[in-house]
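Values in this text are rule-based calculations from the coordinates and carry no lab data. Computed from a predicted structure; not experimentally measured. We place every Cβ from the backbone using ideal geometry, glycine too, and count neighbours over all the protein chains shown.
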Amino acid sequence: MKKLTLILMILVSVLSFGAEVAGVEVAEGMKVGEKELKLNGAGVRKKAFLSLYVGSLYTENRVEDSSRAVEGDEEMSVELHIVSGMISNDAMREAVEEGFDASTTVEERAVLNERIEGFIEVFNDEINKGDRFTFNYLPDAGVEVYKNGIHLTTVEGLDFKRALYGIWLGDKPADKNLKKAMLGR
């Protein structure tokens, strides 16, 4: 009986996180609004063979279709765990700006520009290895932005969520392998 209890305790401790990616223990789930979300998938954003961050997608129900992840008007979350000390706030702002350029048309960008500029300000402070950015989407509120669990801002609109999530999950993602991993493929 003691062996069975020990085995169960080990299994529970192993299953308390969804995956380990690039040394980051990715949570198996999170609560966003009133919904319990599950880890859909997680992967590493790489550039020139350098691991920059672990990106994770959380959804209520499994999502393998990128358009559903980007377009869906339902609670979901994208989380970025910084794994490189090489990421500066300037580099992150520039990368996010480029991501928005890739995920929007000129017309969409014109409509979203003020909200995008406000959002990019969350990267004004120093970024360190181990920092965690969380972008929770709630249909009635917009995208809640957190750094290391501290709420920084909320950006309204499904159109903004589409542009933001499009950075990682859209037709021109920042990293195709990360997109596949976040979609659980």
**OP:** Output the relative contact order of region 80-185, whole-number percent, from Cα pairs under 8 angstrom with separation of 6+ residues.
**Re:** 28 percent
**OP:** For region 177-185, take each phi angle, set θ = phi - 60°, evaluate the Karplus expression 6.51 cos²θ - 1.76 cosθ + 1.60, and give the result in whole Hz per residue in order, putting x for glycine and proline.
**Re:** 5, 5, 4, 4, 5, 5, 8, x, 8
Original post:
For the chain, modelled as a GNM with alpha-carbon contacts under 10 angstrom, which of Gly142, Gly72, Gly23 fluctuates the most?
Top reply: Gly23
Original post:
Just from the alpha-carbon atoms, what are the Rg and Dmax of region 104-185 in angstroms?
Top reply: 13.3, 36
Subject >> Of Phe49, Phe160, Phe133, the one that fluctuates the most in a GNM where the chain has Cα springs shorter than 10 Å >> reply: Phe49
Original post:
Given Cα pairs under 8 Å that are at least 6 residues apart, what percent is the relative contact order of the chain?
Top reply: 23 percent
Original post:
Whole-Hz Karplus ³J(HN,Hα) for region 96-103, in order, using 6.51 cos²θ - 1.76 cosθ + 1.60 and θ = phi - 60°, x for Gly and Pro?
Top reply: 5, 4, 4, x, 5, 4, 6, 9
Original post:
Roughly how many nanometres apart are two label points built 7 Å out from the Cα toward the Cβ at Met30 and Asp140?
Top reply: 2.1 nm
Original post:
Taking the convex hull of the alpha carbon atoms in region 23-67, what volume per residue do you get, in Å³?
Top reply: 96 Å³
Original post:
Points 7 angstrom from Cα along the Cβ direction at Asn61 and Glu98: gap in nanometres?
Top reply: 3.7 nm
Subject >> 5 angstrom amide H check on Val83, placed H, neighbours 5+ away >> reply: Tyr53, Val54, Gly130
Original post:
Can you list residues whose amide H is under 5 Å from Asn40's amide H, if they're 5+ apart or on another chain and H is modeled 1.01 Å from N?
Top reply: Leu57, Tyr58, Thr59
Subject >> Relative compactness, the chain, computed as alpha-carbon Rg over 2.2 N^0.38 Å >> reply: 1.05
**OP:** Return the long-range amide H neighbours of Lys47 (sequence gap of 5 or more, or a different chain), with a cut-off of under 5 Å between placed amide H atoms.
**Re:** Leu52
Subject >> Segment Leu50-Leu158, length gained on full extension (0.36 nm per residue, minus Cα span) >> reply: 35.6 nm
Subject >> GNM top mover of Glu71, Glu25, Glu126 - the chain, alpha-carbon springs below 10 Å >> reply: Glu126
Subject >> Residue-averaged 222 nm ellipticity for the chain, from DSSP H runs of 4+ at -39500 (n - 2.57), nearest 500 >> reply: -11000 deg cm²/dmol
